[in-house]
Amino acid sequence: MTTSSRRGFLNNSLTALAGIGMLDLLRRDGLAADRDPAASQSAWRSERGEAHFPAKAKRVLQIFCPGAASHIDLWDYRPELFKHSGKPLPGEENLVSFQGKNGNLMAPPWEFVPCGQSGKRISSLLPHMAKHVDDIAFIHSMTSKTNTHGPGCVLMNTGRAQEGFPSAGAWLSYALGSANDNLPTYVALPDLRGEPPNGKANWSNGYLPAKHQALVLAAHLDIRNLRRPTEITADEETASREFLRLLNSQHQVANPGDSALAARTAAYELAARMQVSAPEVTELAAESAETHTLYGTNSENKLQAAYARNCLLARRLLERDVRYVNLYCASRASGVDGLLNWDAHRTLKSDYERHCPIFDQPTAALLTDLKRTGLLKDTLVLWTTEFGRMPTHQANTTGRDHNPDAFTVWMMGAGVKAGAVYGATDDFGRRALQNPTNVWEFYATVLHLLGYDFSRLTWYYNGLDRTLTDVHGRVIKELLA
């Protein structure tokens, strides 16, 4: 082979590689003509918003307590744990868990009291939530695949421990579509104390179109760029929008597969409509004094008052048909265990006596409000956390370490069997013993209540038809009314 032919070969190779790279970029931008038919079908399904069968629920409220709220100190009464407190955990006397060596069994520092007509026992730290026990379906046998907060939160919200996957709210935004043209389909309400572990990955759209990610909103957060600058007149703004709409439509006609542009256009148009609707929905002063007292928005406890205002905002969003509301009570970990969230490694008693009053009254008020306004009939309420706590105390502390082998979550509302109890832990709450379950069965059940077969709600990505439940899933029929 001559020198010139080698040069020619290399030149042609570089040109070919550049062409391949350009085609890939065009494919990502939706400009290549050879579109994947499965991807087009998924996008088509997304816009139709058709359920697979009649739904019980129209919208979802998910209350999330980051930090691994302790099942055995709040919801899961284990009388043997009280009886054997101070003794070694049978069979695991030298247990080493997430943060090291464990001590003996440690009873909850508070009583568990019978509540409602069912007599279901929950912690005396939750007197307001006790009023709703008969309407709740408890799952006492939830398990996790991780014992680390960030991946645990992301797993509980997305069905994957890794970042980059769509959250349950994004999946429901894709499935259900919008029910209110002036408000987002999916809203996340972070706590005053900050975002949960791994932050925005908990409400990400992942590989779904960008329009399905949550809008972050909260009573303590101003909505940025909402008001028109004073130097621009209303007529000038209207004319600018019309001109922008013309340019966008022309570009969309020229590039029909550019979903990113379509998402951006829809987002900007929604932002314009929110200039009118958002101030109204966030105007909590419009609520009665009775309602504010019910929620505790004027509490002297500033953290409780802030969370109460977010609870009230959540109700206002739900009654305006926002499809999915993520409401957070607590935030990410801090330099002091248990200060900003439910991660009580060292001082369980003082930590939970700080967190429970923040959570209890406002959450119970929100449930009461949903019930008295009739919203609970077609709203599915979920309470979740990322994993549980050990029944032992950590060595040389009065706190508990992480426990991914057993924890409690619950549901109530549309289509849920009120007062149901599914699964059980062992005598000490160490492991899920009866009907152990997981996040995939949890969300398979959620999707069922919203009218979707978890195995058929798919999005084609990277060679596979993806689902919220990965390759797993089973509807927990014992929770259905």
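Is it fair to say residue 86 is under 32 Å from the mean Cα position of the chain (by Cα), assigned by TED's automatic domain parsing to the domain that holds residue 130 and exposed (fewer than 15 other Cβ atoms within 10 Å of the Cβ)?
Criteria not met by residue 86.
Here is a yes/no grid of residues against (1) more than 19 Å from residue 63 (Cα to Cα); (2) of a type in the set (Val, Ile, Thr); (3) surrounded by fewer than 22 Cβ atoms within 10 Å (Cβ to Cβ):
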{"site": "319", "(1), (2), (3)": "no, no, yes"}
{"site": "324", "(1), (2), (3)": "no, no, no"}
{"site": "344", "(1), (2), (3)": "yes, no, no"}
{"site": "347", "(1), (2), (3)": "yes, yes, yes"}
{"site": "357", "(1), (2), (3)": "no, no, yes"}
{"site": "377", "(1), (2), (3)": "no, no, yes"}
{"site": "383", "(1), (2), (3)": "no, no, no"}
{"site": "390", "(1), (2), (3)": "yes, no, no"}
{"site": "396", "(1), (2), (3)": "yes, no, yes"}
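Hey, can you tell me all the residues within the stretch 425-466 that are in contact with a Pro (Cβ under 7 Å, 6 or more places away or on another chain) and closer than 17 Å to residue 411 by Cα?
Selection gives 451 alone.
The sole residue among 406, 365 that is in contact with a Pro (Cβ under 9 Å, 6 or more places away or on another chain) and surrounded by 21 or more Cβ atoms within 10 Å (Cβ to Cβ) is 406.
For residue 328, the test of being touching a Pro at 6+ places or on another chain (Cβ under 7 Å), closer than 28 Å to residue 450 by Cα, in the same structural domain as residue 386 (by TED's automatic domain parsing) and crowded, with 24+ Cβ neighbours inside 10 Å is passed. Going residue by residue through the stretch 185-206, is there one that turns out to be under 27 Å from residue 359 (Cβ atoms), in a strand (DSSP E or B) and at pLDDT below 95? No. Looking at this structure, is residue 413 farther than 26 Å from residue 298 by Cβ, touching a residue at least 40 places away in the same chain (Cβ under 8 Å) and not polar (S, T, N, Q)? For residue 413, the condition - farther than 26 Å from residue 298 by Cβ, touching a residue at least 40 places away in the same chain (Cβ under 8 Å) and not polar (S, T, N, Q) - is met. Within the stretch 127-151, being closer than 19 Å to residue 379 by Cβ and charged (D, E, K, R) holds for 131, 134, 135.
For residue 74, the test of being surrounded by 15 or more Cβ atoms within 10 Å (Cβ to Cβ) and over 14 Å from residue 390 (Cβ atoms) is passed.
Looking at (1) over 18 Å from the mean Cα position of the chain (by Cα); (2) on the phi < 0 side of the Ramachandran plot, which is the only condition residue 116 fails? In the conditions (1) over 18 Å from the mean Cα position of the chain (by Cα); (2) on the phi < 0 side of the Ramachandran plot, residue 116 misses (2) alone.
Scanning the stretch 207-236 for residues that are farther than 22 Å from residue 328 by Cα and at pLDDT below 90 yields 225, 226, 227, 228, 229, 230, 231, 232, 233, 234, 235, 236. For the stretch 90-106, the tally of residues that are crowded, with 19+ Cβ neighbours inside 10 Å and within 11 Å of residue 428 (Cβ to Cβ) stands at 2. As a summary of the residue check, residue 49 satisfies the conditions (1) in contact with a helix residue (DSSP H, G or I) (Cβ under 9 Å, 6 or more places away or on another chain); (2) surrounded by 16 or more Cβ atoms within 10 Å (Cβ to Cβ); (3) at pLDDT 50 or above except for the one numbered (2). Would you say residue 173 is in contact with a His (Cβ under 8 Å, 6 or more places away or on another chain), at pLDDT 95 or above and over 23 Å from residue 360 (Cα atoms)? It is true that residue 173 is in contact with a His (Cβ under 8 Å, 6 or more places away or on another chain), at pLDDT 95 or above and over 23 Å from residue 360 (Cα atoms). Of the residues 360, 343, the single one that is of a type in the set (Asp, Glu) and assigned to a helix (DSSP H, G or I) is 360. Evaluation of residue 401 against the conditions (1) crowded, with 20+ Cβ neighbours inside 10 Å; (2) touching a helix residue (DSSP H, G or I) at 6+ places or on another chain (Cβ under 7 Å); (3) not aliphatic (A, V, I, L, M) shows that the sole unmet condition is (2). Would you check which residues across the stretch 92-114 are of a type outside the set (A, V, I, L, M), within 15 Å of residue 79 (Cβ to Cβ) and in contact (Cβ under 8 Å) with a residue 24 or more places away in the chain and list them? Scanning the stretch 92-114 gives 108, 110, 112.
State yes or no: is residue 314 small (Gly, Ala, Ser), crowded, with 23+ Cβ neighbours inside 10 Å and not in a loop (DSSP other than H, G, I, E, B)? Yes. Of the set (1) in a strand (DSSP E or B); (2) farther than 30 Å from residue 449 by Cα, all apply to residue 299 but (1).
Given the criterion part of a loop (DSSP other than H, G, I, E, B), touching a Leu at 6+ places or on another chain (Cβ under 9 Å), over 27 Å from residue 219 (Cβ atoms) and not β-branched (Val, Ile, Thr), identify the matching residue among 400, 332.
Result of the check over 400, 332: 400.
The values are calculated or read from the model by the stated rules, or taken from the named source; none is laboratory data. Predicted model only: the values in this text are computed from it and were never measured. Positions of Cβ are backbone-derived with ideal geometry, glycine not excepted, and every protein chain shown enters the neighbour counts.
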